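Colleague: This is the structure I have questions about; it appears just below.
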Amino acid sequence: MKVNKRRRIENKTNYTRRLGLLKSSSPRFVVRKTNKYLILQIIESKNSEDKVLHAVSTKDLLKLGWPQDKAGSLKSVTAAYLAGFLIGKKSKDIKERVVLDLGLIPNTKGSRIYATVKGISDAGIKINYDEEVIPPKEKIEGKNNKLTEIFTKVKGAIKWLKDK
């Protein structure tokens, strides 16, 4: 008889997928969406304990030159890519391949989730992905929604961040 787990009933955890991710013994790149922001974490699991190695929110882009009047667009594809790029730059100490953990987010081609994957990959972290699911370059760079100048400014600020 299958036991109903509380978090599965509440639509918070897919235990079958989580078990597969934990068996891989690779660090997980976790992406979660809130109403205003995206939260990105690199998590390592050992002895059934999760340890957050690095965490970034798209709210952190405000400190790097994202205009306050554009704070409503911190869930855009452009912000998602830049947050992925930022966490990739902050986590240079990770030498092994990371595995994407979507949780219960639907797997949609060209979504913000895959913009974060492209960002972390461009920062030098090894992660498996298919080029077909990545959003087009124009969408990532904000040419569709007039965020091109912001994209260039914030990406330049991230490139010059000192390793902490």
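Colleague: Using the structure shown, decide if Ala71 is within 14 Å of the chain's Cα centre (by Cα) and of a type outside the set (Lys, Arg). Outline the logic, then answer.
Modeller: Values: within 14 Å of the chain's Cα centre (by Cα): no; of a type outside the set (Lys, Arg): yes.
Considered against the rule, which asks whether it is within 14 Å of the chain's Cα centre (by Cα) and of a type outside the set (Lys, Arg), Ala71 comes out as no.
Colleague: Please name all residue pairs, on different chains or six or more residues apart, with Cβ atoms under 6 Å, provided the first residue is in the range 103-130 and is closer than 17 Å to Leu82 by Cα and the second residue is among the small types (Gly, Ala, Ser) and surrounded by fewer than 23 Cβ atoms within 10 Å (Cβ to Cβ).
Modeller: Ile127/Ser121
Colleague: OK, next. Among the helices (runs of 4 or more DSSP H) contained in the range 57-164, which hold 3 or more residues that are touching a Phe, Trp or Tyr at 6+ places or on another chain (Cβ under 9 Å) and of a type in the set (A, V, I, L, M, F, W, C)?
Modeller: Working: elements: 77-90, 112-122, 137-140, 148-159.
Because the criterion is at least 3 residues that are touching a Phe, Trp or Tyr at 6+ places or on another chain (Cβ under 9 Å) and of a type in the set (A, V, I, L, M, F, W, C), the helices (runs of 4 or more DSSP H) in the range 57-164 that meet it are 77-90, 112-122, 148-159.
Colleague: Among the residues of the range 117-164, how many are under 15 Å from Leu61 (Cβ atoms), under 18 Å from the mean Cα position of the chain (by Cα) and exposed (fewer than 12 other Cβ atoms within 10 Å of the Cβ)?
Modeller: Selection size over the range 117-164: 1.
Colleague: Return the residues of the range 62-78 that are crowded, with 17+ Cβ neighbours inside 10 Å and either closer than 23 Å to Pro27 by Cβ or free of Cβ contacts under 8 Å to residues at least 60 places away in the same chain (or both); say none if nothing qualifies.
Modeller: Leu74
Bear in mind these aren't lab numbers, they're just calculated from the coordinates by the rules spelled out. Predicted, not measured: the structure shown is a model, and the values here were computed from it. Glycine gets a Cβ as well: all are built from the backbone with ideal geometry, and neighbour counts include every protein chain shown.
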